[in-house]
Amino acid sequence: GENVEQHPSTLSVQEGDSAVIKCTYSDSASNYFPWYKQELGKGPQLIIDIRSNVGEKKDQRIAVTLNKTAKHFSLHITETQPEDSAVYFCAVSLGGYQKVTFGTGTKLQVIP
Amino acid sequence: GAGVSQTPSNKVTEKGKYVELRCDPISGHTALYWYRQSLGQGPEFLIYFQGTGAADDSGLPNDRFFAVRPEGSVSTLKIQRTERGDSAVYLCASSLGASPETQYFGPGTRLLVL
């Protein structure tokens, strides 16, 4: 089955700095890569996703890059704010009606 | 509009008891997924419904776990003879279809088996 590794497990940054979270996956057939943000006591919330025919996608302060050859994708958050503090999960899917396999999560702390 | 809702939000039960967890998906979403999240881990897939039928139940850990979606909307996850190791947050997600395949998650049910 699919195996998703995520690093780092914890990340502390000063407000205004950038944060980068990296993930690798094992199944080369995977073609859908969502990122979720989970706040304490809540369910995961989609923040951005990318499909295998795209190498990079941006949405305001958030960007995701994908390297299918290396089976590696990353989340970049610029100009971090305290409200960005949460646990972030990368995830991988074959797309369509397929289960999503999650990474182990990164706890991001933005220090004011 | 309303998101995915799950009830109860918290459930405490004793080892060996039976529990039912309910999920109300976003109206019009045909696909419904159940995941289980242990403390400090990412969600793990349990089962997926397309309409009324379970299209993929490969994530159910054993035959004590069962889920239904009789009318293609609300789903119930049923756990028989609960064990302490079943303690986790049970998350439900729904999606509109295959494209886009974005899964929207509910807040989860926190199950504690004593």
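Quick notes on this one:
- FRET efficiency for the pair residue A:83 and residue B:22, taken as 1/(1 + (r/R0)^6) with r the Cβ-Cβ distance and R0 = 35 Å, rounds to 0.70.
- Contact order normalised by residue count of chain A, Cα under 8 Å, 6+ apart, percent: 37
- Chain B, relative contact order in percent, only Cα pairs under 8 angstrom and at least six apart counted: 36
- On the principal axes of its alpha carbon atoms, the protein assembly as shown extends 49, 36, 35 Å, with the longest extent given first.
- Inter-centroid distance (Cα atoms) of region A:57-93 relative to region B:1-38, Å: 28
- With the convex hull of its Cα atoms as the shape, region A:67-112 has an orientation-averaged projected area of 4.4 nm².
- Per-residue average of Cβ from other chains inside 10 Å of B:35-46: 5
- For residues of A:46-55, the mean tally of beta carbons on other chains within 10 Å: 1
- Inter-chain Cβ neighbour count for A:66-74, averaged per residue, equals 0 (cutoff 10 Å, partner chain atoms only).
- The separation of region B:62-89 from region A:1-39, counted between C-alpha centres, amounts to 29 Å.
- For chain A, diffusion coefficient by Stokes-Einstein and Kirkwood Rh (Cα), 25 °C, 0.890 mPa s, µm²/s: 175
- Cβ crowding within 10 Å averaged over residues, with B:16-25, A:100-109 ranked highest first: A:100-109, B:16-25
- Qualifying aspartates and glutamates (Cα of each under 19 Å from Cα of residue A:22; at least 8 residues distant if same chain): A:2, A:5, A:49, A:56, A:59, A:79, A:84
- The protein assembly as shown, accessible area per residue, ligands and nucleic acids excluded (1.4 Å, Å²): 48
- Taking the C-alpha atoms of chain B, convex hull volume expressed per residue in Å³: 95
- When +1 charges are put on Lys and Arg Cβ atoms and -1 charges on Asp and Glu Cβ atoms, the dipole computed for region B:1-72 relative to its Cα centre reaches about 240 debye.
- Using a simple spin-label model with pseudo-atoms 7 Å out from Cα toward Cβ, residue A:56 and residue B:68 lie 5.2 nm apart.
The values are calculated or read from the model by the stated rules, or taken from the named source; none is laboratory data. A quick note: this is a predicted structure, and the numbers were derived from the prediction, not measured. All Cβ positions, glycine included, derive from the backbone under ideal geometry; neighbour counts span all protein chains shown. Just the protein is used for accessible areas: all its heavy atoms, side chains included, with ligands, DNA and RNA removed. Shrake-Rupley method; radii C 1.70, N 1.55, O 1.52, S 1.80 Å.
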